[in-house]
Amino acid sequence: MPPKFGTSGLRGLVTELTPELVGDHVRAFLAACPHGGAVHVGRDLRASSPDIADVVIDAVRATGLEAVDCGAVPTPALALEAMAQGHGAVMITGSHIPADRNGLKFYVPTGEIGKDDESAIQANLGATPTRGPRGGLARSSDTMAAYVARYERAFGPGALSGLRIGIYEHSSVARDAMRDVVAALGATPVPLARSETFIPVDTEAVDPEVRAQIVAWCAEHALDAVISTDGDADRPLVADAAGRVVPGDVLGALTARALGAEVICTPVSSNSMIDRMPEFARIEKTRIGSPFVIAAMETVRAANPDARVVGYEANGGFLLGFTASLDEGTLAPLMTRDCLLPILAPLAAARGRGVTLADLVADLPGVFTAADRVKEVPTEASRALIDRLARDAAARRTFFEGMGAEAEIDLTDGLRVRFDGGRTVHLRPSGNAPECRCYAEADTAEDAQELVERHLAKLKAELVEGAGPSS
């Protein structure tokens, strides 16, 4: 799969992310988008990221702008610093995808690039580089510290007092930040499985081996929770004391409630329990991807600047659109996916109520989701299958055999079918990896997982074992 550029950034095999290709995209970004006169550059812990960061920094300086080298930092920490100084940013990361791939994420001074920015960048690709005075190079050592301090000030030293929290460190660029912040909030951090080689962790589809290991850690170390993130730390992973992973859209609902949000913007794939929660006055369903969530949040804020609006995705990445007041302080808006807030807010809420995280989850409406994906399948093949199912009722009856009558079909993003009785299956090509994703929703966690496994097998039969569908 050749490198692909979209609103989520540039992604591709490391061998194909040549200096020429990377430099072209950086120059196009700087020509097309506001940057405030400087660009902050961060990276994850992949082996390829330092070299790509050097290319990005060189390309920025070659345009006459100052480059600020922030080193290995979480994506939300990089965005927080750049936005605070009114600058652009580039994060070198492939997020959760395998180590042989990498990519770039672009930020304007107000946050993530949007669809209009994407089009403008693409229109500027291939332009002849201009030559002029070379820009300067600065180094920032405060990026991580400012990110941790944001949550220390807001939650306070007793927010997690008495808890033992396991930190699945793997190769998350936020592993030290997680340790520092939970300790500052009064918990005892227990570091687990630190790796010096990159390990891709998809918080939306946690591997069974990782789930089993989390269960074992909880028992071995008497933990109250296990926390982690994906590679660049814009998605959280949280498990309760029994090692049960709490889905990202459940963390989103708990975080929104803890912050006193009134409006939620979230993709159509997120758990529909929020429709049954009276504390939320308005739910805006979007296509999958943070740019669509951000666009919906900005529409809400434009209509009412005082709206208590938040956004989140099924992967758990959380966006704060208003100044939230907590017991010890306030949190300023951060309109980019963040991992720490949806980790800390549910744990602090449970601690404040004197209950466990599992108790907090059990108090939510009984709607359960599951998700997984078929890997290494061409996006075109996934899209062809899903398009065929969307337009062909007979093909859907065969693919969804045993599910009963269709109650609703939603084509907002892929194919989402709700059947009589409420069970739901959602199929969608990944927007940033050669994967086909399957989401399910049901009245029990077991049923939701069974639905995913059943339909994942059907997807594999169509996309991997067979020649794939014809359009």
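Derivation of every value follows stated rules applied to the coordinates shown; laboratory data play no part. Computed from a prediction, not measured in an experiment: that's the story for all the values here. Don't worry about glycine lacking a Cβ; one is built from the backbone with ideal geometry, like all the others, and counts go over all protein chains shown.
5 Å is the cut-off here: which amide hydrogens, built 1.01 Å from N in the peptide plane, fall below it relative to residue 336, excluding neighbours closer than 5 in sequence?
Under 5 Å from the amide H of residue 336 lie the amide H atoms of 320, each far enough along the sequence or on another chain.
Of the cross-linked pairs 115/458; 285/375; 105/460; 115/285, which ones have a Cα-Cα span greater than 25 Å in the structure shown? Don't skip to the end; give the middle numbers.
On the way: 115/458 33 Å; 285/375 27 Å; 105/460 30 Å; 115/285 18 Å.
Table pairs above 25 Å Cα-Cα are 115/458; 285/375; 105/460.
Using the alpha-carbon centroid of each, what span in Å lies between region 349-372 and region 198-245?
16
What is the distance, in nm, between label points placed 7 Å from the Cα along the Cα-to-Cβ direction at residue 242 and at residue 454?
Those two pseudo-labels are separated by 2.4 nm.
Taking neighbour counts of Cβ atoms within 10 Å as a proxy for exposure, in what order, fewest first, do 254, 340, 463 appear?
On the way: 254 23, 340 26, 463 20.
By the 10 Å Cβ count, ascending: 463, 254, 340.
Relative to the present Cα-Cα distance, how much length would full extension add between residue 141 and residue 207 at 0.36 nm per residue of separation?
20.3 nm is the gain from fully extending residue 141 to residue 207.
What list of ³J(HN,Hα) values in whole Hz, one per residue of region 182-189 in order, does the Karplus curve 6.51 cos²θ - 1.76 cosθ + 1.60 (θ = phi - 60°) give from phi, with Gly and Pro shown as x?
Values, residue by residue: 5, 5, 5, 8, x, 8, 9, x Hz.
Out of region 392-455, which GluC sites (Glu not before Pro) are coil in DSSP terms and have no more than 14 other C-beta atoms within 10 Å? The partial results should precede the final answer.
Working: sites: 401, 406, 408, 435, 441, 446, 450, 453; in loops: 401.
For GluC sites (Glu not before Pro) across region 392-455 that sit outside H, G, I, E and B with at most 14 neighbouring Cβ atoms in 10 Å, the list reads 401.
With θ set to phi - 60°, apply the Karplus curve 6.51 cos²θ - 1.76 cosθ + 1.60 along region 39-44 and write out the HN-Hα couplings as whole Hz, x wherever there is a Gly or Pro.
Calculated HN-Hα couplings, in order: 10, 8, 10, x, 8, 8 Hz.
Taking R0 as 41 Å, what's the FRET efficiency between residue 302 and residue 66 from their Cβ-Cβ distance, rounded to 0.05?
0.80
When the chain is fully extended, how far beyond the present Cα-Cα distance does residue 392 get from residue 323, taking 0.36 nm per residue of separation?
20.1 nm
Take the alpha carbon gyration tensor of region 4-141, find the square roots of its eigenvalues, order them as a ≥ b ≥ c, and report rounded if a/c is under 1.5; if not, report prolate when a/b exceeds b/c, else oblate. Kindly include the intermediate steps, with their values, before the conclusion.
Values: a/c = 1.25, a/b = 1.09, b/c = 1.14.
It is rounded, given that a/c, with a ≥ b ≥ c, falls under 1.5.
Could you give the length gained on full extension between residue 410 and residue 461, defined as 0.36 nm per residue of separation minus the Cα-Cα distance, in nm? Display every interim value, and only then the final one.
Working: separation 51, 0.36 × 51 = 18.36 nm, distance 2.39 nm.
Computed gain between residue 410 and residue 461 is 16.0 nm.
Mind listing the phi-derived Karplus ³J(HN,Hα) values for region 25-32, rounded to whole Hz, using 6.51, -1.76 and 1.60 with θ = phi - 60°, and x for any glycine or proline?
5, 5, 4, 5, 4, 6, 6, 9
Can you give the three extents of the C-alpha atoms in region 146-362 along their principal axes, from longest to shortest, in whole Å?
Sorted from largest, the Cα extents of region 146-362 read 50, 34, 33 Å.
Taking H placed 1.01 Å from N in the peptide plane, check which residues at least 5 places from residue 135 or on another chain put their amide H under 5 Å from its amide H.
Under 5 Å from the amide H of residue 135 lie the amide H atoms of 62, 63, 64, 65, each far enough along the sequence or on another chain.
If you take the beta carbon distance between residue 420 and residue 275 as r and set R0 to 25 Å, what does 1/(1 + (r/R0)^6) give as a FRET efficiency, to the nearest 0.05?
Values: r = 18 Å, r/R0 = 0.71.
Computed FRET efficiency for residue 420 and residue 275: 0.90.
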